[in-house]
Structure formats: structure tokens, C-alpha cells
Amino acid sequence: MKMYRSLVYREWRLSRGHYILMTILFLLTETVFILPVLVEKQSILDNTAEDIKSIKLSIAVVALFLAAIGGFMAGMNNRVHKADIASGWKRYSYALPPTAKQRAASDLMMKLIMMIFYAALILCYAAAAKAIIGGKIIGSTVSTYLIVSSIALVFDTIYCGILLMANSKNELKKYGIIASVAGVALFFILTHFPIKIGSGKKISIADRLFNIIDTMNKGYFILISAAVFVLICALYYIVMWRSYERREA
């Protein structure tokens with residue numbers, strides 16, 4: 001266990017600037033959205049039922065937005081691997097006791113720690129909003145966070161899997177470009193994948209959002225999102241483990 005703590009601590013020390021900056025930006029964004037709810041609490045509750053329904057929808061959409069931002073920040077690449085290859089540390093590290101599986105596990109642990117941290121920040125907003133105005137908001141927030149963090153982790157898995165093919169600083173630029181192109185290609189595929197939502201009937205944007213949020217609040221949807229997240233974490237671990245083993249060979 002000491003080995004894992006040491007590896008995670010080392011990665012935190014190298015990436016703390018990145019995560020601290022991301023956290024500050026996220027907290028500023030969250031504060032901008034939560035302050036109006038806290039300040040205007042009484043006036044919000046004094047509105048008509050129809051107005052309160054619209055406000056609940058707006059707050060739920062903001063929660064999804066924050067969950068998406070937090071999930072992306074937690075799952076995105078922290079540039080530690082790139083720095084290690086550029087400095088020559090990665091090559092030196094293979095002479096050290098940690099095995100490929102231990103290094104891969106520590107990488108995943110660092111990801112999970114930051115994901116739990118950002119999840120806590122997001123749930124603070126969702127819980128505060130629910131306490132003030134009520135409504136179903138927690139489930140859809142959790143679902144969104146799991147989905148977006150899974151997508152971000154897929155991008156990072158592909159990026160790191162290709163980047164770790166570099167054996168020196170000279171190769172780093174080439175594999176960095178290849179990894180970036182692969183990420184852009186995946187983004188293009190995901191954003192152009194044909195998805196049909198709804199039955200084709202003409203309904204308002206508000207009603208469509210209500211339907212989406214209601215679906216994301218359902219237990220089965222949360223379980224599916226969690227299952228996908230676990231599978232992506234397993235994929236990340238396997239890719240990192242095989243990448244470290246490939247370099248050791």
C-alpha cells in the first residue's frame with residue numbers, strides 16, 4: 001500500500017498546479033450559478049407554480065452543465081506522462097521496483113480520487129438547489145457526471161496509450177501529434193453519430209428537457225451510466241498496464 005501511496009503522491013505533486021487551476025475555475029463557475037439561487041431563495045418560492053416549474057428546469061440544466069464540466073476536468077489528461085517522457089524520468093522509472101500493473105493502478109487511483117473530489121463539489125450544488133427549491137436533480141446530475149467523465153476518460157485512454165509509445169523526447173512530438181489526431185477523430189465520430197431522440201412529435205424545448213432529465217433520474221439509467229463508467233475505468237487500467245509492459249519489453 002505504501003508503494004501506491006508513493007506513486008499517487010508523486011503524480012499529485014507533478015499535476016497539482018493543473019488540478020488546482022481547474023478547481024479554482026470550477027468553483028468560480030459554480031459560485032456564479034449558486035449565488036443567485038441562495039440570494040433570491042424567497043422570491044423564487046413566491047412565484048407561481050408555472051414559474052417555479054421553469055426555474056426548477058433551469059436549475060436542473062445548470063446542474064447538468066456543472067456535472068459535464070466537472071466530469072471533463074476529472075477525466076482529462078493531466079500532462080504528467082508527457083512531462084515524464086520529455087524529462088527522461090519514464091525510462092529511468094523502469095529500473096525502479098514498481099511493476100507495470102502497479103503504475104497503471106496508481107494512474108487509475110489518481111483519476112478516481114479527482115473524480116470523487118469533483119463529484120463532491122457538484123453534488124454540493126445539486127443538494128443545495130434541491131433543498132431550496134426541490135425537484136428531481138440528484139439522479140440526473142450523477143448520470144451526467146458519470147457519462148461525461150467516462151467520455152473524457154476514453155479520450156485520455158487513447159491519448160496516453162499512443163503517447164506512451166514514445167521512448168524519448170525526440171519521439172514525443174510525433175506520437176503526441178498522432179494521439180491528438182486520434183482524439184479529434186474520435187470527437188468527430190461521436191459528434192456525428194446519428195442519434196434519434198423522441199418519437200418525432202413536435203414538443204417544446206422545455207418539455208424535451210423535462211423528458212431527458214426525468215429519464216436520467218431513473219434508477220436503471222443511473223445503473224447503466226455507472227456500469228459504463230466501471231468498464232471505461234477497467235479499459236483505462238488495461239491500456240495503461242499494457243503500455244507500461246510494452247515499454248518494459
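The values are calculated or read from the model by the stated rules, or taken from the named source; none is laboratory data. Small disclaimer: the values here were computed from a predicted structure and weren't measured. Because the Cβ atoms are built from the backbone with ideal geometry, glycine has one as well, and the counts that use them run over all protein chains shown. For the accessible areas, the whole protein counts, side chains as well, though only heavy atoms, and no ligand, DNA or RNA atoms are used. Shrake-Rupley method; radii C 1.70, N 1.55, O 1.52, S 1.80 Å.
Side notes on the structure shown:
- Computed with every protein chain present, the accessible area of Arg242 is close to 130 Å² [probe 1.4 Å].
- Exposure of Trp12 as accessible area (Å², to 10), given a probe of 1.4 Å and all protein chains: 90 Å²
- Sites Arg242 and Leu25 - FRET efficiency at Förster radius 30 Å, r taken between beta-carbons, to 0.05: 0.35
- Of Lys111/Lys218; Lys2/Lys82; Lys53/Lys136; Lys111/Lys174, pairs whose Cα-Cα distance is over 23 Å: Lys111/Lys218; Lys2/Lys82; Lys111/Lys174
- Gain on full extension, evaluated as 0.36 nm per residue between Lys136 and Tyr9 minus their Cα-Cα distance, stands at 42.0 nm.
- Between Val228 and Ser54, the modelled labels are 3.2 nm apart [label points 7 Å from Cα along Cα→Cβ].
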